[in-house]
Amino acid sequence: MKDPLIFRRDDCLRPSEALYWKDLLYRTVKIGVELEAAVPKGVRKDDYLPTLVTALRPSKSLDELGEHGVLDVVTEHCGIEIQVIGQQPTYRALVSQFRFIVDPLVRDGARARSTCGLHFHLLAPDLRQNMPEIILANIWNLTRRYAPGLRFLTSTGDDRGALCRRRNYASHLELVRHTPGIQSMREIQRKLRESSAVPEHQNFLNLEHVVFAGDGTIERLHIEFRFCDADLAVTSIVSKVFLFLALALKAVDLSQFGVIHVGRVREWTRKKLLLDLLSNNDGNHATSDTSGIDDGAIEELRSDARELLELLKPPLVRLALADGGLGDEHPAFEVLSFLAENPISLLRSSGMSWEEIEETLAGRASLPRDDLTAPERRLMRMIELMELTRFGDRQSWLAQAATLTGISLASARQALDQLSRLRDLGWDPDLGAMVFRS
């Protein structure tokens with residue numbers, strides 16, 4: 001990180017508290033998605049909506065996930081909006097869910113126009129205790145510091161002169177003005193609510209649903225990342241779910257030291273200029289005029305996004321290990337790293353279709369093999385049922401496992417390696433056995 005400046009605070013988390021809050025947020029945070037799209041050309045909105053309702057079977061209740069995790073399908077100014085209920089994020093499950101939702105839209109010819117957006121609601125409805133304000137302050141300032149890179153990474157326009165939708169839909173004007181270094185997050189929320197420049201719900205990072213307790217801690221965590229352009233690539237949408245979850249978990253880590261600073265004056269001034277060049281109201285047909293973004297500015301935006309992803313890799317590794325079946329590399333990291341260099345806007349402006357973009361991104365999301373061979377399954381059962389214990393070392397345990405499984409020692413070692421990619425696996429000296437730790 002360049003200029004790793006920190007606002008010192010008296011309410012920093014102790015290491016044990018940080019571990020507690022990371023674990024609690026991972027278990028309780030849900031990220032709901034509002035996916036907007038324009039209806040296919042030549043199709044009336046009122047004719048298209050019922051077909052989606054029939055296919056997606058929305059539950060109409062936040063208390064019921066429904067068959068496909070869809071809360072509702074409604075008409076929007078841009079066309080239609082599909083509201084997807086947040087659930088415990090696991091990569092393969094989310095890909096399967098969003099493929100069922102999004103692939104038919106692409107086949108039908110639905111369009112990601114500049115009037116459409118993609119909104120991510122991060123909420124933790126079951127915290128059971130108030131969250132320290134410093135965590136929200138770090139989420140806010142991480143978003144501020146890396147706003148140019150985030151806006152670039154999530155841009156999906158189809159022209160170099162119109163890389164993203166216009167600023168009004170998710171304005172950064174208030175975001176760049178307010179720092180938790182000199183005011184509380186409750187004060188920032190109040191200023192966003194009272195702003196005459198930006199309607200409260202149209203802020204880059206929307207805090208209107210956050211509920212504060214009398215002491216300034218957070219009773220109800222519900223923030224909305226509003227700035228993403230409309231997206232019809234499943235792998236991209238799912239990877240952004242993990243982007244925002246990882247950002248929240250990183251905010252907890254940073255809260256052990258204080259609140260992250262946006263950087264030195266010169267660099268921050270340049271970032272604000274880049275943000276203005278990238279997100280404004282000067283384009284045609286609800287777009288930003290990004291003609292001022294030259295190749296040098298593109299490289300600056302890439303660098304900003306890369307720096308953020310370097311910060312977020314550790315929490316993404318933790319999410320991969322907790323997910324099961326992903327090994328220690330999260331597929332979202334590879335996808336996001338690709339988008340940091342080649343956002344969908346640059347891919348579309350080069351002539352790629354949504355199908356081609358999805359194929360490219362899915363190829364970046366390397367997933368470990370999810371099925372098991374007969375020896376691998378036998379070895380897994382052996383470990384789960386503790387059939388082999390009280391061995392002096394891993395090698396002697398493996399040799400006996402190979403004999404009982406009827407395979408060579410080399411094949412047993414390969415099978416064990418495959419199981420370790422699917423689950424956290426290690427040697428327990430007290431038991432004298434290999435054990436699954438997840």
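Structure data summary
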read-out	value
Bridge type composition, the chain - antiparallel percent by DSSP, nearest 5	95
For segment 80-125, the spread of Cα positions along each principal axis, largest first, Å	34, 23, 13
Listed peptides 30-38, 237-245 by packing density, highest first (mean Cβ within 10 Å)	237-245, 30-38
Dipole magnitude of the chain, debye to nearest 20 (Cβ charges: Lys/Arg +1, Asp/Glu -1, about Cα centre)	500
Amide H within-cut-off set for residue 423, under 5 Å, with H built and near neighbours excluded	325
Residue 20 versus residue 108: modelled label distance in nm, points set 7 Å from Cα along the beta carbon direction	4.8
Gain upon complete extension [residue 49, residue 414; 0.36 nm per residue less C-alpha separation]	126.3 nm
Packing-based exposure ordering (other Cβ within 10 Å, fewest first) of 219, 76	219, 76
Among 51, 75, 235, residue whose mean-square fluctuation peaks in a GNM of the chain (springs only between Cα atoms under 10 Å)	51
Whole-number percent relative contact order across segment 374-436, with pairs defined as alpha carbons under 8 Å at least 6 apart	44
Rg to Rh quotient for segment 225-324, alpha carbon positions, Kirkwood Rh	1.01
Under 16 Å from residue 191, Cα to Cα: aspartates and glutamates that are on another chain or at least 8 residues apart	174, 200, 208
Three-way shape label, segment 265-375, alpha-carbon gyration tensor, a/c 1.5	oblate
Helix axis angle, 91-108 relative to the chain longest principal axis, alpha carbon, degrees	50
Rounded, prolate or oblate (a/c below 1.5 giving rounded, otherwise prolate when a/b exceeds b/c) for segment 307-438 by Cα gyration tensor	prolate
Entries in 2/240; 22/60; 250/272; 240/271; 30/272; 2/272 that, when Cα-Cα distance is taken, lie over 26 Å	22/60; 30/272
Sequence of 77, 172 once ranked by neighbouring C-beta atoms within 10 Å, starting from the fewest	77, 172
Candidates 398, 321, 52, ranked by Gaussian network fluctuation over the chain, Cα under 10 Å, top entry	398
Cys with no candidate disulfide partner in the chain (beta-carbon separation under 4.7 Å rule)	12, 164, 228
Nonlocal amide H pairs with residue 287, under 5 Å, H built at 1.01 Å	166
Taking the chain and dividing mean pair separation by its residue count, relative contact order in percent (alpha carbons under 8 Å, at least six apart)	19
Pairwise label distance in nanometres, residue 159 with residue 67, each label 7 Å out on the Cα-Cβ vector	4.1
20, 48 arranged by Cβ crowding within 10 Å, fewest neighbours leading	20, 48
Derived scalar couplings ³J(HN,Hα) [segment 353-358; Karplus, 6.51 cos²θ - 1.76 cosθ + 1.60; whole Hz; x for Gly, Pro]	7, 5, 5, 5, 5, 5
Cα Rg, Dmax, segment 211-280, angstrom units	16.0, 43
Contour excess over end-to-end distance, with Cα ends at residue 196 and residue 177 and 0.36 nm allotted per residue	5.5 nm
Relative contact order of segment 130-214, pairs being alpha-carbon contacts under 8 Å that are 6 or more residues apart, as %	29
Hydrodynamic radius by Kirkwood, which averages 1/r over all alpha carbon pairs of segment 374-436, in angstrom	11.3
Kirkwood hydrodynamic radius of the chain, Cα pairs, Å	23.3
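Here, each number is a calculation from the coordinates, and none is a lab measurement. Here the structure is a predicted model, which means the values were calculated and not measured. Backbone-built Cβ (ideal geometry, glycine too); neighbour counts: all protein chains shown.
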